[in-house]
Amino acid sequence: MEINSLKFILFVAVVIIAYIITPKKYKWVTLLLSSYIFYWLNSNQLIIFMLITTLSIYLLSLLLGKIDKRLELEIKDKEKEEKKKLKEKAKTKKKLVVLIALIINLGILGVIKYFNFFSGNINTLLNLFNLNIQIPSMQFILPLGISYYTLQGLSYVIDVYRQKIDPDKNLGRVALFLAFFPQIVEGPIGRYKELATKLYEPHKIEFQNIKSGSLLVLWGFFQKMVIADRLAILVDTVFGNYTQYSGLIIICAILFYTFQIYADFAGCINIVRGVAEIFGITLAENFKRPFFSKSVQEFWRRWNITLGTWLKEYVFYSVAFSKWYLHLTTKLKEKLKKHAHLSKTILALCPLFFVWFSNGLWHGASWKYIFYGMYYFVIMSIGMLLEPVFKKTINFLKININSKKYKIWQMLRTFILVNIGMLIFRATNISSAFTILKSMFNFSNFGEILNGKMLSLGLDKGEFTIVIISLIIMLIVDFLQEKNYHVREEIGKRNVLIRWTIYYVGIFSIIIFGIYGKDYNPSSFIYGQF
Amino acid sequence: MEKLIEILKKYNADVDYYTNEHLIDEELLDSFDIISIVADIDNEFDVEITAKDIIPENFNSAEKLYDLIKRLS
């Protein structure tokens, strides 16, 4: 059941009714049961993997809490040295428990999502050494949302390990935190502290929330069905036969893909957040107008925010503040005493490498995705290493970095770099990404644009007009939000006539201009496959 | 406290660490500085600051950071 389908809307309507009629005390049960039914309808018996994750992180977190409690009692009235010893002992035990949680959950994810990737690479290595052993490949069906709920589950258990939160004795609350039905598809990746209680507490279904949430759902449908699915037609044509195209057509396809993936992913998140809002639940924001970013770093603080925060919190911090790394920090600083900037950059790069490697690998089991992560790592590394040179150049050229022109240049530069990243992301593999990148600069067939070849890529004149107008609408909405204009609130304040005109225009534009697949089957979301 | 201020001065000498309470919020120290500061504190005060302590509230002022060191020692 795709969340951009009529079936999903009907499912949500039924859950809303069930939620309203359920007594306050058991409203969370309705949400949990609905979430499990939704999961079953999508993944059938593969629900077993989510249940294993739920039970494992629930039990292991309780165990972590027990170790902490016991330590608290044991160190009472003890001497400093004795205290230190007991703390070390407890820490070792806790590390073991969290390691078990990591092995179970990353193990499941690793086998289901990455087995063939790893076995394929091992086989290549074995072949290189002329060893006649082959690991057979296996076909696994990816359970719905496994990459998302695994990260949520791990964040919970690690937060308990770090004593940022107490372990929850209520299995139902932990289960709902992992399974909440709109969120399980593509995130946003929630944090236990911010989300679990919100989901568990009973909420009154308010008319205001229905109105506001539905408008967000409508906007998500518009982004997905009118923009993303329409852009996909041209993108698929060009990327599917990339050797036949060059120059402006390639540039156009890359640009379209960047907007497609944004409308697709942000559209899905808007549907998810809108549905949650109807239940009175505010989910974390996952996008903040990414195309207004002035640097690649800023782009990643605005794009897939919850994944970025997760990687910062659990990969970057875990490496950067580990004992061995702090030891290395001290040593390196000693050695590079006279080169403060260099030592700071090198120290930052090591944990960043792990972040970008994980980012790439999380997106998919192929070298292409790892290369995608490394692309951002290299850009950021160059940016950090050359920062003093950039500063000197800016001073030398007397550029006013606060001027509008300079900011627009920064946004444009970031947008170009992001588009190259998207090209890698969309290409079938690394070598095709390079071929496409090269052919982008081949303008020998420039005349094709004028002789109508652009209109033979799946989108006719009318379709092009729709897509351009829709993109302009989307960018205007982004621009208004960037200027702190709350679009939905403002629509809500207008009189009945204007408000309902907007609602009807929205609904009918989706019905009329939405792209429907074969037999009216809705298309999948790009990020749903991760 | 003096020892701590000396450490912080190495990373941004232009800040008045006695009064400023927004070192992170105002981006006067970034997360890469924090790595080095934590390593320095580890050496100077013999306390172990771990990932769980890396929250803006603990690093927004010298006083808050000093409180953290006292709590951990």
Which of the GluC sites (Glu not before Pro) across the stretch B:1-50 are loop residues per DSSP, with 16 or fewer other Cβ within 10 Å?
B:Glu21, B:Glu26, B:Glu27, B:Glu48
Can you sort B:Met1, A:Met50, A:Met374 from fewest to most other Cβ atoms within 10 Å of each residue's own Cβ?
B:Met1, A:Met374, A:Met50
As an exercise, identify the GluC sites (Glu not before Pro) in the stretch A:60-113 lying in DSSP coil whose Cβ has no more than 14 other Cβ atoms within 10 Å.
A:Glu79
Sequence order, the stretch A:339-348: Karplus ³J(HN,Hα) from phi using 6.51 cos²θ - 1.76 cosθ + 1.60, θ = phi - 60°, Hz rounded, Gly and Pro as x, gives 10, 4, 5, 5, 5, 4, 5, 4, 5, 6
Based on alpha-carbon centroids, what's the gap between the stretch A:284-338 and the stretch A:118-145 in Å, whole number please?
32 Å
What is the fewest-to-most order of A:Asp68, B:Asp25, B:Asp40 by other Cβ atoms lying within 10 Å of their Cβ?
B:Asp25, A:Asp68, B:Asp40
Cα→Cβ-extended label distance, 7 Å offset, between B:Glu6 and A:Val29, nm
6.4 nm
Can you compute the label reach from A:Ile502? Point 7 Å from Cα along the Cβ direction, backbone N cut-off under 18 Å, restricted to the stretch A:453-494.
A:470-494
Tell me which GluC sites (Glu not before Pro) from the stretch A:228-313 have a DSSP coil assignment and no more than 13 other beta carbons within 10 Å of their own.
A:Glu285
For chain B, calculated [θ]222 nm from helices alone, where every DSSP H run of n ≥ 4 adds -39500 (n - 2.57)
-15000 deg cm²/dmol
Just add up the charged neighbours of A:Leu41: K/R +1, D/E -1, any other residue whose Cβ is under 13 Å from the Cβ of A:Leu41.
0
Quote to one decimal, in nm, the extra length available between A:Val14 and A:Lys85 on full extension: 0.36 nm per residue of separation minus the C-alpha distance between them.
19.9 nm
Fewest to most Cβ atoms within 10 Å: A:Thr428, A:Thr124 sort as A:Thr124, A:Thr428
At R0 = 35 Å, how high is the FRET efficiency between A:Ser295 and A:Val487 if r is their beta carbon distance? Nearest 0.05 is fine.
0.85
Two decimals is fine: what's Rg over Rh for chain A, C-alpha atoms, Kirkwood radius as Rh?
0.98
In whole Hz, the Karplus estimates of ³J(HN,Hα) for the stretch A:323-335 (6.51, -1.76, 1.60; θ = phi - 60°; x where Gly or Pro) are 4, 4, 6, 5, 5, 4, 4, 4, 5, 5, 5, 4, 5
For the pairs A:Lys198/A:Lys407; A:Lys89/B:Lys70; A:Lys113/A:Lys224; A:Lys93/A:Lys331; A:Lys69/A:Lys193, flag any whose C-alpha to C-alpha distance is greater than 31 Å.
A:Lys198/A:Lys407
Going by amide H atoms built from the backbone, whose H comes under 5 Å of the H on A:Ser322, apart from near neighbours?
none
Once you sort the root eigenvalues of the Cα gyration tensor of the stretch B:2-72 as a ≥ b ≥ c, which label holds: rounded (a/c under 1.5), prolate (a/b larger than b/c) or oblate (the other case)?
rounded
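All of the numbers you see were taken from the coordinates with simple rules; none came from a lab. Given the structure is predicted, the values throughout are model-derived calculations rather than measurements. A quick note on method: Cβ atoms are made from the backbone with ideal geometry, for glycine too, and the neighbour counts reach across all protein chains shown.
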